[in-house]
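Take a look at the structure below.
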Amino acid sequence: MTGTPGAAAEPFGIRLRRAMDTRGPLCVGIDPHASLLAEWGLDDDVAGLERFTRTVVESLADRVAVFKPQAAFFERFGSRGLAVLEHAIADARAAGALVLTDAKRGDIGSTMAAYADAFLTPGSPLCSDAVTLSPYLGFGSLRPALDAARRHGGGVFVLALTSNPEGAEVQRATAADGRPVAQVILDRLAEENRGAGVLGSFGAVVGATLAETGVDLATGGPLLAPGLGAQGARAADLPRLFGAALPRVLPSVSRGVLRRGPSADGLRRAVREETERLAAVLPGPVRAPGEPGERVSER
Ligand SMILES: O=c1ccn([C@@H]2O[C@H](COP(=O)(O)O)[C@@H](O)[C@H]2O)c(=O)[nH]1
């Protein structure tokens, strides 16, 4: 994390709120698909990956609130791909953008501690402002990452209702106490965010593609909403889907922007257009968690 060594790090939720308020609410995914490398006239190799990633970061790092590199597209090139990811994280953060690494990690607690070291601990080559986590080994198994995020001013985004249709069979299943599994995750996040103030650091992933959420989204933390663009969701869908939680939504788009490269102008125009569509539907500053009107009563 950035900041003076030894000083208490500013919480991720506060940094995210500020970034969204000053740079616009958009999260841009860095997903170097082989097909996109080809569209950009690049080879499907480490040099192509490096060029693609550097172009995205250099073109957009001064204007987007959050970059979301998808770890899988870097991991497919092994250690040299991970080196590209490390540089992208460092360069984006140095330019003032927040970096949410989409790694979707989840494991038993002792292994989660190593993931927390990798993605949330200052000094680690992959240290990011936030990381995505999968809770399907039990929310409690994420504790080492939650604690590291709290300690170092980082954030996490835990899968709750993902944007793909297959997610429903697990996420909408009924838990032992009768709640949908997704609601259990959201309620646990609300506990983590209690007392956080303007925006908590413990976020959920709730796809923008869903027809309805059917859950209570009052977590007090950010809601990463992937699915804009290539997966079919539109900015205009967000108010209906998120209701009173709308101020906490961080909409995310990858291919919808990346397809507009390789020119910096094309990428910037894509971001400007998406931001304008979002500005037309998103409200002003977020309300504090627990304020009247914050709870979404779709259940
Ligand atoms: O529910 C989820 C969680 C994560 N993702 C990731 O977001 C991007 C979406 O890319 P697009 O090109 O905008 O479709 C990708 O990295 C996914 O792994 C998601 O789509 N849905």
| task | Run down Asp43, Asp31 and say which single residue is of a type in the set (Asp, Glu), away from the ligand (no atom under 14 Å from the Cβ) and either over 18 Å from Leu224 (Cβ atoms) or in contact (Cβ under 8 Å) with a residue 24 or more places away in the chain (or both). | result | Asp43
| Check on Arg259, touching a residue at least 60 places away in the same chain (Cβ under 8 Å), open to solvent by 10 Å² or more (accessible area, probe 1.4 Å) and closer than 19 Å to Val158 by Cα | no
| Checking Asn164 against (1) exposed (fewer than 14 other Cβ atoms within 10 Å of the Cβ); (2) farther than 22 Å from Phe67 by Cα, the condition it does not meet | (2)
| remark: Checked against (1) open to solvent by less than 10 Å² (accessible area, probe 1.4 Å); (2) not in a loop (DSSP other than H, G, I, E, B), Gly220 satisfies every condition except (2)
| request: Considering every residue within segment 180-201, establish whether at least one is assigned to a loop (DSSP other than H, G, I, E, B), surrounded by fewer than 24 Cβ atoms within 10 Å (Cβ to Cβ), of a type in the set (S, T, N, Q) and within 19 Å of the chain's Cα centre (by Cα). | output: no
| query | Taking segment 137-168 only, how many residues are in a helix (DSSP H, G or I) and either within 22 Å of Pro11 (Cα to Cα) or away from the ligand (no atom under 14 Å from the Cβ) (or both)? | reply | 14
| task | Just give me the residues in segment 238-266 being within 14 Å of the ligand (Cβ to nearest atom) and part of a helix (DSSP H, G or I), in sequence order. | result | Leu241, Arg255, Gly256, Val257, Leu258
| remark: Sole miss for Tyr136 among (1) aromatic (Phe, Trp, Tyr); (2) out of contact with any Cys (no Cβ under 9 Å at 6 or more places or on another chain); (3) surrounded by 20 or more Cβ atoms within 10 Å (Cβ to Cβ) is condition (3)
| query | Would it be correct to say that Ser79 is of a type in the set (S, T, N, Q), more than 15 Å from the ligand (Cβ to nearest atom) and modelled with pLDDT of 95 or more? | reply | yes
| If you take the residues in segment 202-217 that are in contact (Cβ under 8 Å) with a residue 12 or more places away in the chain and open to solvent by 20 Å² or more (accessible area, probe 1.4 Å), which one is nearest to the ligand (Cβ to nearest atom)? | Thr209
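The values are calculated or read from the model by the stated rules, or taken from the named source; none is laboratory data. Small disclaimer: the values here were computed from a predicted structure and weren't measured. We place every Cβ from the backbone using ideal geometry, glycine too, and count neighbours over all the protein chains shown. SASA here: full protein model, heavy atoms, side chains in, ligands and nucleic acids out. Shrake-Rupley method; radii C 1.70, N 1.55, O 1.52, S 1.80 Å.
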